[in-house]
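The values are calculated or read from the model by the stated rules, or taken from the named source; none is laboratory data. What you are looking at is a predicted structure, and each value in this text was computed from that prediction instead of being measured. Note that we place each Cβ from the backbone using ideal geometry, even for glycine, and neighbour counts take in every protein chain shown. The accessibility values were calculated without ligands, DNA or RNA, using every heavy atom of the protein model including side chains. Shrake-Rupley method; radii C 1.70, N 1.55, O 1.52, S 1.80 Å.
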Amino acid sequence: MQTHFKRHILATSIAALLPCAAAHAQELPSKKTSEVVVIHAEKIAAPNVDGISQNAALSATSDVATLLRDVPGVSLYSAGGVSSLPAIHGLADDRLRIQVDGMNLISACANHMNPPLSYIDPTQVGSIQVLTGIAPVSSGGDSIGGTIKVNSPDPEFAAAGQGTLLKGQAGSFYRSNGDARGVNFAATYATEIWSLNYTGAIAESGNYHAASDFKAAKPAASDKAWIAGDEVGSSRYKSENQSLSVAMRNAGQLLELRIGTQNIPYQGFPNQRMDMTGNNSEQVNLRYKGQYEWGKLEARLYNEHTRHRMNFGDNKQFWYGNAPGMPMDTEGKNTGALIKVELMLSARDTLSVGTEYQRYRMNDWWIASGTGMMMAPNTFVNIADGQRDRLGVFAEWDASWTPQWVTQLGLRYENVKMNSGNVAGYSNMYGDPALASSVPGAFNAADRQRKDNNIDLTATARYTPTATFSIDGGYAMKSRSPNLYERYTWASNNTMVMNMNNWFGDGNGYVGNLQLNPEIAHTLSATLNWHDAELSDWELKVAPYYTQVRDYIDASSCTAVGKTCGARKDGFQNLSLSNQKARLYGLDISGRKQLVKTSEIGSISLYGLLNYVNAKNTVTDSGLYNIMPLNARISLTQKKDHWDNTVELQMVGAKTDLSDIRKELRTAGYTLLNLRSSYTWKQARFDIGIDNLLNRFYNLPLGGAYLGQGATMGAGVAHDTQVPGAGRSVYAGVNIRF
């Protein structure tokens with residue numbers, strides 16, 4: 001059955017892409033053609049996410065990560081309603097370089113509930129760039145996967161002689177599944193020199209429902225209300241984001257100051273034992289861009305402060321004996337700076353050089369709860385005075401050798417320094433922190449300072465022999481140092497505490513490892529691109545890739561790294577982390593073809609996308625965790641006058657390549673049918689759609705273990721239940737510009 005389903009996906013997807021290939025065959029020039037065509041290869045750069053697709057998704061989601069769903073090679077780890085974690089070719093979370101308005105944001109949470117993309121609302125996004133292949137060294141280090149750059153809209157200024165510019169927009173949406181709703185507003189006042197902009201967005205939702213029951217209907221926990229069998233517990237959320245920017249321009253120079261705030265009063269997590277009960281962030285971001293005769297200068301300085309809180313939400317047991325909940329607090333302070341110079345050495349050569357600095361400080365502590373020894377009488381210190389500082393320098397050489405050939409060579413060096421302070425448990429039940437023979441005492445007595453010297457190297461090229469074909473690709477060596485949680489979480493002698501340190505969503509308990517080395521990845525990738533000369537009728541892209549990772553940080557038994565973790569009887573595991581080896585390879589295929597274009601019915605086009613990744617831990621001969629199975633997406637669109645209509649078929653194969661040590665569960669294949677339509681009239685845009693039209697039940701392949709209800713601190717959840725996807729949802733939205 002599983003093999004048959006995979007063949008079905010392949011056959012259907014290839015059939016959808018055949019019109020592109022056929023168009024290519026029909027437009028090949030004959031041998032008698034004597035026309036001279038001059039081809040110019042463009043500089044190798046990150047592609048943009050299509051703005052039309054981005055606008056169409058705004059009413060259907062409040063999670064910026066889901067705007068990447070049409071990007072080849074991208075999949076999403078499910079988490080909270082605004083906190084999905086993108087993965088590129090099987091590498092996710094901190095293995096990617098993710099920037100929001102140029103800021104390298106860091107998840108300040110033992111469960112990674114506040115990833116970088118959660119700090120901006122979809123309605124506040126101006127552009128998205130995604131590099132799924134080899135990312136230039138100038139786009140940031142300390143990552144072994146691709147790069148994602150999400151930016152707010154660029155400042156707008158009044159045109160010459162216009163005087164002042166005053167404009168804005170307001171919008172709202174509603175989604176039936178979860179009773180989700182939200183509003184957004186933006187306004188700009190500008191002259192030819194100055195620009196002032198404000199944006200604000202609020203989104204909230206209740207728990208969403210699966211297409212059918214996946215568990216028994218009962219009280220969510222002993223001290224909680226009734227929850228239906230199809231209701232996905234702990235999936236509700238509310239998010240508030242605001243931003244104010246002021247910019248000034250003069251003679252090719254731009255100076256912009258952006259101040260942003262976020263307040264998330266609650267966000268449930270169906271695959272975590274805790275919920276977010278508060279996330280507050282303040283961001284100050286100053287950037288300068290200048291165009292000079294010799295080239296370009298870019299500088300940035302930013303500071304971000306996060307206060308994050310976790311506890312048990314509405315569907316998880318709150319009282320344990322006389323302990324009212326389990327408060328968990330995190331504070332992160334993130335300061336960064338960048339200086340980049342692009343020198344035009346000649347008509348052929350461009351040299352980019354720069355330096356980047358990031359200073360990160362974090363504290364993670366859990367105040368006492370109740371009077372027992374388990375969570376009292378002292379504050380539990382998970383990470384004290386965590387420090388992670390990066391200093392990098394890079395150089396990148398772009399050369400246009402001929403109109404058809406361009407190359408890029410990049411070299412980056414980063415020094416990563418990490419350290420942390422002394423820790424302690426709630427009580428001496430966890431060990432006396434002053435005794436080196438105890439678990440916290442051994443950690444406190446150890447040398448915790450680490451210095452990593454990491455090298456990134458890239459060599460890429462693009463060849464454009466004809467007006468209808470190009471190929472680009474190359475080699476990269478990329479490095480990533482462990483994050484603070486991977487190195488410094490210490491409590492290996494208590495299952496409850498290990499459960500709370502889990503940024504994977506698999507329900508297992510984790511402890512860090514001071515001896516971890518940086519990951520080093522070697523990647524080969526290429527993209528072959530066939531298209532019509534005008535890039536308006538058809539296009540077909542085929543992108544294979546291969547990656548080997550040395551010192552890949554993967555789960556391992558605690559005994560393998562010298563820890564003393566207790567055994568469990570609830571089906572989950574207590575695990576640590578160790579350096580191993582991994583191999584990943586795969587293929588992305590995407591294409592589009594305009595089928596019909598007439599005055600009567602408008603333009604009808606076919607879009608196709610297929611992703612495949614195979615990932616293995618070559619030390620254990622096991623699959624890597626949370627690898628998206630074979631999947632495809634086919635869309636038929638019709639555009640006429642003010643209307644834009646889409647029928648979309650989403651197909652996902654069965655997930656059978658699993659991480660054995662995590663006891664990862666299989667998921668069955670499924671097919672979803674989605675409909676969406678938009679109507680644009682003057683300054684207004686109306687959107688309506690239906691996701692999962694046939695109300696198909698399915699489990700999310702990257703959804704993790706279902707921990708959305710019950711006594712999640714102890715053995716009160718079943719190991720064999722997975723987080724299901726959403727059932728049918730009808731949505732509508734309106735956006736008005738003025």
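Divide the volume of the convex hull of the Cα atoms of the chain by its number of residues and quote the answer in cubic angstrom per residue. Before the final figure, lay out each step's value.
Working: hull volume 116.5 nm³, N = 738.
Once divided by residue count, the hull of the chain is 158 Å³.
For region 521-587, which trypsin sites (Lys or Arg not before Pro) are in a loop by DSSP, counting at most 15 other Cβ atoms within 10 Å? Mind dumping the intermediate values first?
Values: sites: K541, R550, K563, R568, K569, K581, R583; in loops: K563, R568, K569.
The qualifying sites are K569.
In a solvent-free Debye calculation with one equal scatterer on each Cα, what is log10 I(q)/I(0) for region 327-390 at q = 0.12, 0.22, 0.27 Å⁻¹, listed in the order of the q values? At q = 0.12, 0.22, 0.27 Å⁻¹ the computed log10 ratios are -0.53, -0.88, -1.04. Probing with 1.4 Å while keeping every protein chain in the model, the per residue accessible area of region 278-419 equals 43 Å². Can you give the longest run of the chain that contains no GluC sites (Glu not before Pro) sitting in a DSSP loop with at most 16 other Cβ atoms inside 10 Å? Counting at most 16 other Cβ atoms within 10 Å as exposed, the longest clean stretch of the chain is 294-533.
Going toward the positive end of the dipole of the chain, with +1 on Lys and Arg Cβ and -1 on Asp and Glu Cβ, which of F697, G725, A436 do you reach last? Of the options given, the answer is F697.
Please give the charge dipole size of the chain, origin at the Cα centre, charges +1 on K and R Cβ atoms and -1 on D and E Cβ atoms. Round to the nearest 20 debye. Please report the intermediate quantities before stating the final value.
Details: 67 positive and 66 negative charges, 124 e Å.
Dipole of the chain, to the nearest 20 debye: 600 debye.
Between the residues G140, L96, I589, the greatest Cα displacement towards the positive end of the dipole of the chain, with unit charges on the Cβ of Lys, Arg, Asp and Glu, is found for I589.
Helix 2-26 versus the longest principal axis of the chain: what is the Cα-based angle in degrees, 0 to 90, to the nearest 10? Approximately 20 degrees, to the nearest ten.
Any idea what the alpha-carbon Rg over 2.2 N^0.38 Å comes to for region 560-658? Don't skip to the end; give the middle numbers.
Numbers: Rg = 22.5 Å, N = 99, 2.2 N^0.38 = 12.6 Å.
Ratio of Rg to 2.2 N^0.38 Å for region 560-658: 1.78.
Summed over the residues of region 431-480 and divided among them, the accessible surface reaches 43 Å² per residue at a probe radius of 1.4 Å.
The chymotrypsin sites (Phe, Trp or Tyr not before Pro) of region 376-463 that DSSP puts in a loop, and whose beta carbon has at most 13 other beta carbons within 10 Å, are W401. Over region 223-270, all Cα pairs binned in 5 Å intervals from 0 give whole-percent P(r) values of 5, 13, 14, 13, 10, 9, 8, 7, 7, 5, 4, 3, 2, listed from short to long.
What is the Cα radius of gyration of region 129-241 over 2.2 N^0.38 Å, N being its residue count? Intermediate values should be presented prior to the final figure.
Numbers: Rg = 22.4 Å, N = 113, 2.2 N^0.38 = 13.3 Å.
Normalised Rg, Cα atoms only: 1.69.
Based on every Cα atom in region 611-733, Rg and the maximum pairwise Cα distance Dmax equal 19.1, 60 Å. Computed on the Cα atoms alone, the convex hull of region 192-239 gives a volume of 97 cubic angstrom per residue.
Solvent-free Debye calculation, one equal scatterer per alpha-carbon of region 235-380: log10 I(q)/I(0) at 0.10, 0.15, 0.17 Å⁻¹ equals -0.56, -0.88, -1.00. Cα centroids of region 627-650 and region 299-350: 34 Å apart.
Computed over Cα pairs, the Kirkwood radius of region 186-266 leads via Stokes-Einstein (0.890 mPa s, 25 °C) to a diffusion coefficient of 149 µm² per second. Restricting the calculation to alpha carbons of region 662-726 gives Rg and Dmax of 18.1, 58 angstrom.
Relative contact order for the chain using alpha-carbon pairs under 8 Å, separation at least 6, rounded to a whole percent? Relative CO of the chain lands at 13 percent. When you work out D = kT/(6 pi eta Rh) for region 431-532 at 4 °C and 1.567 mPa s, using the Kirkwood radius from C-alpha pairs as Rh and the Stokes-Einstein form, the result is 74 µm²/s. In sequence order, region 243-255 has phi-based couplings of 8, 10, 10, 10, 9, 9, 10, 6, 6, x, 10, 9, 10 Hz under the Karplus curve 6.51 cos²θ - 1.76 cosθ + 1.60, θ = phi - 60°, and Gly or Pro positions carry x.
Sorted by accessible area with a 1.4 angstrom probe, largest first, how do R448, R685 fall?
Values: R448 30, R685 55 Å².
Descending order: R685, R448.
Shown here for region 304-406: trypsin sites (Lys or Arg not before Pro) in loop regions (DSSP other than H, G, I, E, B) with at most 15 other Cβ atoms within 10 Å, namely R348.
Given a 1.4 Å probe, how much area per residue of region 655-707 is accessible, in Å²?
Details: 2410 Å² over 53 residues.
That works out to 45 Å² for each residue.
Calculated from the alpha-carbon coordinates, region 123-180 shows an Rg and a Dmax of 18.5, 49 Å respectively.
Its Cα gyration tensor gives region 306-361 an equivalent ellipsoid. The semi-axes, each the square root of 5 times an eigenvalue, are 52, 12, 6 Å from largest down. Taking every alpha-carbon pair under 8 Å whose residues sit at least 6 apart, region 81-151 reaches a relative contact order of 42 percent. Computed log10 I(q)/I(0) for region 206-311 at 0.17, 0.18 Å⁻¹: -0.86, -0.91, from the Debye equation with unit scatterers placed on every C-alpha and solvent omitted. Taking 25 Å as the limit for the C-alpha separation, the pairs K149/K296; K238/K655; K451/K581; K238/K639; K149/K640; K333/K563 exceed it in the case of K238/K655; K238/K639; K149/K640; K333/K563. For the chain, with all protein chains present and a 1.4 Å probe, just round the carbon and sulfur fraction of the accessible area to a whole percent. The nonpolar share, carbon plus sulfur, comes to 58 percent.
Its DSSP H runs of at least 4 residues, each contributing -39,500 (n - 2.57), put the calculated 222 nm mean residue ellipticity of the chain at -2000 deg cm²/dmol, to the nearest 500. Of interest is the spacing of the C-alpha centroids, which for region 659-706 and region 526-570 amounts to 22 Å. Projected onto their three principal axes, the Cα atoms of region 369-459 cover extents of 75, 27, 15 Å, largest first.
Give me the one-decimal Kirkwood hydrodynamic radius in Å for region 463-596, with the sum taken over alpha-carbon pairs. Could the numbers behind the result be given before it?
Working: mean 1/r = 0.0553 Å⁻¹.
Result for region 463-596 stands at 18.1 Å.
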